[in-house]
Amino acid sequence: MKFSFKEDFKRIVVLCIASAVMAINIKSFVRTGGLYPGGATGLTLLIQRAFEMFANISLPYTLINVLLNLIPIYIGFRYIGKKFTLYSVLTIMLTNILTDVLPSFPITYDILLISIFGGLVNGAVISLCLMMNATTGGTDFIAIFLSDRKGVDSFNVILGFNAVLLLIAGIMFGWDKALYSIIFQYTSTQVLHMLYKQYRQHTLLVVTNNAAGVYEVISKESNHSATIISGEGSYEHQERKIVYSVVSRAECKKIIDDIKKVDPKAFVNVINTQQISGRFYQKPHE
């Protein structure tokens, strides 16, 4: 593991802020509305409320959440990246501690507003952590492991887990809370998809007179290869080259800007890629 004071200090500060916001969101929105956010957080709250209701025992949020994260953290250390996991542990522990010690201060008691705005904050915090190469823990570790190492679409796995969680919550504590939790989870997921672009791909079709230069740009910025296809411009009947490649959405803008530098007249078509099969380079987690 390599550390850079400037970069790692920035990561620590951002992750500390994200943890504080996540804890405030749990105390101000999630607990006020009696919602279940999904993942380890939702399961922690479900276990807490079950013990309070049926055994009259108040368990610390930190204790339950740490126990639930032990296996995901092991998966992170073993298969994803040690530095990535260390920063994730920092985020998890700080969120847990702040959730236990911060006072509860409800902003609103309107459960629909809680579901929407709580989901917005939750999705934004998760996205911020992922941008800092860390995670809020729980099912995020499993999702990254399945996507990176096994090539499995983790969305259905996590969706299935959350569906079971909401089913149990609905049976135990009432269906209104479970249904509002679906709004919370949907809002959070939409924000995550909008802000975090690492696992979304774009197809680039570049018509150019400098295919070698365009390929070098794609290779340098994304570590991806490209296919060069010969063609003919129908208007001037001159030979053209088409450079075809698939890159992550996060890299796309920088690549297009650099393509314009090597060939200002290049014609670039960007297509949303729904699915790919075959080798596709993903930047490894540290």
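Return the total of residues in segment 212-256 being outside any strand (DSSP E or B) and within 15 Å of residue 270 (Cα to Cα). Quick ask: steps written out before the conclusion?
Applying the first criterion (outside any strand (DSSP E or B)) to segment 212-256 yields 212-226, 233-238, 249-256.
If we keep only those that are within 15 Å of residue 270 (Cα to Cα) as well, we get 214, 218, 226, 249-256.
Residues that pass the stated criteria total 11.
Kindly check whether there is at least one residue in segment 130-149 that is over 15 Å from residue 40 (Cβ atoms), among the polar types (S, T, N, Q) and surrounded by 15 or more Cβ atoms within 10 Å (Cβ to Cβ). Yes. Scanning segment 95-116 for residues that are closer than 20 Å to residue 38 by Cα and surrounded by fewer than 19 Cβ atoms within 10 Å (Cβ to Cβ) turns up 97, 100, 112, 113, 116.
Does residue 227 satisfy being modelled with pLDDT of 85 or more and not assigned by TED's automatic domain parsing to the domain that holds residue 122?
yes
Tell me, please, whether a residue that is at pLDDT 80 or above and assigned by TED's automatic domain parsing to the domain that holds residue 81 can be found in segment 147-161. Within segment 147-161, one or more residues are at pLDDT 80 or above and assigned by TED's automatic domain parsing to the domain that holds residue 81.
Return the only residue of 171, 182 being more than 22 Å from residue 131 (Cα to Cα), within 20 Å of the chain's Cα centre (by Cα) and not charged (D, E, K, R). I'd like the intermediate steps shown before the answer.
Working: 171 fails: within 20 Å of the chain's Cα centre (by Cα).
From the options 171, 182, the qualifying one is 182.
Annotation note: Cβ proximity below 9 Å between a residue of segment 1-30 that is over 22 Å from residue 62 (Cβ atoms) and modelled with pLDDT under 95 and a residue that is loosely packed, with under 15 Cβ neighbours inside 10 Å and not polar (S, T, N, Q) (sequence gap 6+ or interchain) occurs for 1/82. Restricting attention to segment 258-286, the residues that are touching a helix residue (DSSP H, G or I) at 6+ places or on another chain (Cβ under 9 Å) and either modelled with pLDDT of 85 or more or under 15 Å from residue 217 (Cβ atoms) (or both) total 8. For residue 81, the criteria (1) touching a residue at least 24 places away in the same chain (Cβ under 8 Å); (2) exposed (fewer than 14 other Cβ atoms within 10 Å of the Cβ) hold in every case but one, which is (2).
So that you can scan it fast, the table gives a plain yes or no per residue for (1) crowded, with 18+ Cβ neighbours inside 10 Å; (2) touching an Asp or Glu at 6+ places or on another chain (Cβ under 9 Å); (3) modelled with pLDDT of 85 or more:
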site	(1), (2), (3)
180	yes, no, yes
205	no, no, yes
208	yes, yes, yes
219	no, no, yes
237	no, no, no
245	yes, no, yes
249	no, no, no
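The values are calculated or read from the model by the stated rules, or taken from the named source; none is laboratory data. These numbers were taken from a predicted model, which means no experiment stands behind them. Virtual Cβ from ideal backbone geometry, glycine too; neighbours counted across all protein chains shown.
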